[in-house]
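Inspection log for the structure reproduced underneath, given as structure tokens.
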Amino acid sequence: MKKLVGACIFGQSGGPTSVINSSAAGVFAEALKQDCVTKVYGAAHGIKGMLNEEFYDMGQEDMKELLLLKNTPSSALGSVRYKLADYTKDPTDYERLLEVFKKYNIRYFFYNGGNDSMDTCNKVSKFMAQSGWECRVIGVPKTIDNDLYGTDHCPGFASAAKYIATTIKEINLDAKVYDTGMVTIIEAMGRNAGWLTASAALAGLDGNGADLIYLPEVPFSMEKFINDVKAVCAKNGNKCIAVVSEGIKFADGKYVSEATTSATDKFGHAQLGGLAARLADAVKEATGIKTRAIEFSLMQRCAAHLASKVDVEEAFKAGQKAVKLAVSGVTDKMVIFKRVMKNGKYTCVMEPMALELAANTEKTVPQNWIIKDGTYVSKEYIDYALPLIQGDSKAPLENGLPRFAKLKKVSGKINDKK
């Protein structure tokens, strides 16, 4: 494979995580080392920044700040939810991308995101190949939902799971302190896959977890839910903690939380939320017991103070691996994680997988891991998740608070240069 000389561009897409910037740091640090990479660009707001020529010259950043990205949450370059049309029906965006790529001699394209982002990556890869413009395209996985096909797990999931498990342990101690009853309903993210919600079971390893866990993989019944809560309350002095996925659905396929909103995002997904409050009202009406609704919302995906060291380091290595693969001649792939267990010790091996396999394909929690009549998860889940949440990796402190990366964000637009 001949050496391909040219610039690279990296973009972030979809919901942020506490480690998505660690992958960015991996891409930037590795790309800046490569003699075949002439420029390293970071796109503002993902694919839209590329279309609008809004991107940054990452070579102008201090390496210290780039490495601080490892412990900086959210998307440092800005994210986006933008769906590319099928290029055979509407090539407008693709022709614009090709124009930009030629203008800046972009030969390496790295895109960091989940299912929809891998779809974008796949479409760009196929179009560039068809157009005759040699550009190596690699997807870097990311999603707290952990639902990307083909990879054992996804960067961002473990840290969000660690936050959920830790916070539920703390809530458990607080919610059960009084001699009066209270039902606490906690809502976690997860549209169609319950990997994240299931992490509530990790909190129960020492007895300070949830009593009930509901995943979207199992049809939800309001009547059964009320009866489940009543059964727990009857045994525990009217105290119960239930954790529900935002994506739980009734048997007819309708999201339970959709009753409160008809809004959708750019990909046509229903915007979910308010589920915990709705269920808390239903429980209070049916039982008369005091209820409290807690929605973790953005906190579960930006809690870098509780990030897993395993997650942070794997996210960084995924970025590095993407660059190494592309430079070696690999294209049209996504970096995937393979779990290796030897003598009870966990390690992770990273390999390439065809982008089209990951695009718009969801991996859900195995049905046989969902137990107790759909109200909990099995030891198999615990064994799966526990190695991923190990260790701490935190930003250095400044004035007693975390010191996050401060990027200069020097414009890389050619017309801006004097």
Query - DSSP bridge pairs, the chain: antiparallel proportion in percent, nearest 5 - result: 40
Report task. Could you work out how far apart the two model spin labels at K2 and F250 are, taking each label as a point 7 Å from the Cα in the direction of the beta carbon, and quote it in nm? Result -> 6.2
Query raised in the report: At a 1.4 Å probe radius, carbon and sulfur cover how many percent of the accessible area of the range 278-344?
Result: 50
Query raised in the report: Just G139, G344, G14 to compare: in a GNM of the chain, with alpha carbon springs under 10 Å, which one fluctuates most?
Result: G344
Query - Principal axes of the range 150-235: Cα extent on each, largest first, Å - result: 46, 28, 17
Query - Extreme residue, positive dipole direction of the chain, given options A158, N146, A354 (C-beta unit charges) - result: A354
Query raised in the report: If all Cα-Cα distances of the range 85-168 are sorted into 5 Å bins from 0 onward, what percent lands in each bin, rounded to whole numbers?
Result: 3, 14, 20, 18, 14, 11, 9, 5, 4, 2, 0
**Report entry** Net +/- balance of residues flanking G274 in space, Cβ distance below 13 Å, scoring K and R +1, D and E -1
**Finding:** -4
Report summary line: The extension gain from K309 to E258, computed as 0.36 nm times the residue separation minus the Cα-Cα distance, is 14.8 nm
Report summary line: Largest fluctuation, L32, L196, L205 only, Gaussian network model of the chain with Cα springs under 10 angstrom, belongs to L205
Report task. Evaluate the relative contact order of the range 300-390 (contact order divided by residue number), counting alpha-carbon pairs under 8 angstrom at least 6 apart; express in whole percent. Result -> 28
Query raised in the report: Can you give the accessible area of S221, probe radius 1.4 Å, in Å² rounded to 10?
Result: 50
Report task. Starting from the Cα of Q390, step 7 Å along the direction of its Cβ; do the same at S411; then give the gap between the two resulting points in nm. Result -> 4.8
Query raised in the report: How large is the convex hull of the Cα atoms of the range 191-242 per residue, expressed in Å³ as a whole number?
Result: 74
**Report entry** Distant alpha-carbon pairs in the range 16-92 (separation over 14 angstrom), percent
**Finding:** 66
Requested in this report: Please give the direction-averaged projected area of the C-alpha convex hull for the range 340-410, in square nanometres with one decimal.
Outcome: 10.3
Query raised in the report: By the gyration tensor of its Cα atoms, with a ≥ b ≥ c the square roots of the eigenvalues, what is the shape of the range 40-129: rounded for a/c under 1.5, prolate for a/b over b/c, or oblate?
Result: prolate
Query raised in the report: Which pairs, out of K89/K408; K123/K345; K169/K290; K142/K249; K338/K413, put more than 28 Å between their alpha-carbon atoms?
Result: K89/K408; K123/K345; K338/K413
Report task. Subtracting the Cα-Cα distance from 0.36 nm times the residue separation, let me have the gained length for Q60 to E351 in nm, one decimal. Result -> 101.7 nm
Report summary line: Magnitude of the Cβ-charge dipole (Lys and Arg +1, Asp and Glu -1) of the chain about the Cα centre, nearest 20 debye, reported as 1040
Requested in this report: With θ set to phi - 60°, apply the Karplus curve 6.51 cos²θ - 1.76 cosθ + 1.60 along the range 227-243 and write out the HN-Hα couplings as whole Hz, x wherever there is a Gly or Pro.
Outcome: 5, 4, 5, 4, 5, 5, 4, 5, 8, 10, x, 6, 10, 7, 10, 10, 10
**Report entry** Approximate shape of the chain as ellipsoid semi-axes (Cα gyration tensor, √5λ), whole Å, largest first
**Finding:** 41, 22, 19
Query raised in the report: Relative contact order, percent, of the chain when contacts are C-alpha pairs under 8 Å separated by at least 6 residues?
Result: 24
Requested in this report: Would you calculate the separation in nanometres between label points at K290 and D383, each defined as 7 Å from the Cα along the Cα-to-beta-carbon direction?
Outcome: 4.2
Report task. Just name one of T364, I414, G204: the one whose Cα is farthest towards the positive end of the charge dipole of the chain (beta-carbon charges, Lys/Arg +1, Asp/Glu -1). Result -> I414
Query raised in the report: What are the aspartates and glutamates whose alpha-carbon lies under 18 Å from the alpha-carbon of K70, with same-chain residues fewer than 8 places away excluded?
Result: E30, E61, D62, D311, E313, E314, D392, E398
Report task. Order the peptides 179-192, 156-169, 354-367 from the highest to the lowest mean number of other Cβ atoms within 10 Å of their residues. Result -> 156-169, 179-192, 354-367
**Report entry** Solvent exposure, largest accessible area first (probe 1.4 Å, DNA, RNA and ligands not counted), of R136, R278
**Finding:** R278, R136
Report summary line: To the nearest 20 debye, the range 1-135 has a Cα-centred charge dipole, built from +1 on Lys and Arg Cβ and -1 on Asp and Glu Cβ, of 260
Report task. Quick one: dipole size for the range 52-107, taken about the Cα centre, charges +1 on Lys/Arg Cβ and -1 on Asp/Glu Cβ, in debye to the nearest 20. Result -> 200
Query raised in the report: Using the heavy atoms of the protein chains alone and a 1.4 angstrom probe, what is the accessible area of the range 291-418 per residue in square angstrom?
Result: 55
**Report entry** Residue-normalised accessible area of the range 16-114, expressed per residue, 1.4 Å probe, Å²
**Finding:** 35
Query raised in the report: Gaussian network model of the chain, Cα springs within a sub-10 Å range: biggest mean-square fluctuation belongs to which of T88, T375, T331?
Result: T88
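The values are calculated or read from the model by the stated rules, or taken from the named source; none is laboratory data. The structure presented is a predicted model; accordingly, all values stated were derived computationally and were not measured. Don't worry about glycine lacking a Cβ; one is built from the backbone with ideal geometry, like all the others, and counts go over all protein chains shown. What goes into the accessible areas is simple: the full protein's heavy atoms, side chains included, and nothing from ligands, DNA or RNA. Shrake-Rupley method; radii C 1.70, N 1.55, O 1.52, S 1.80 Å.
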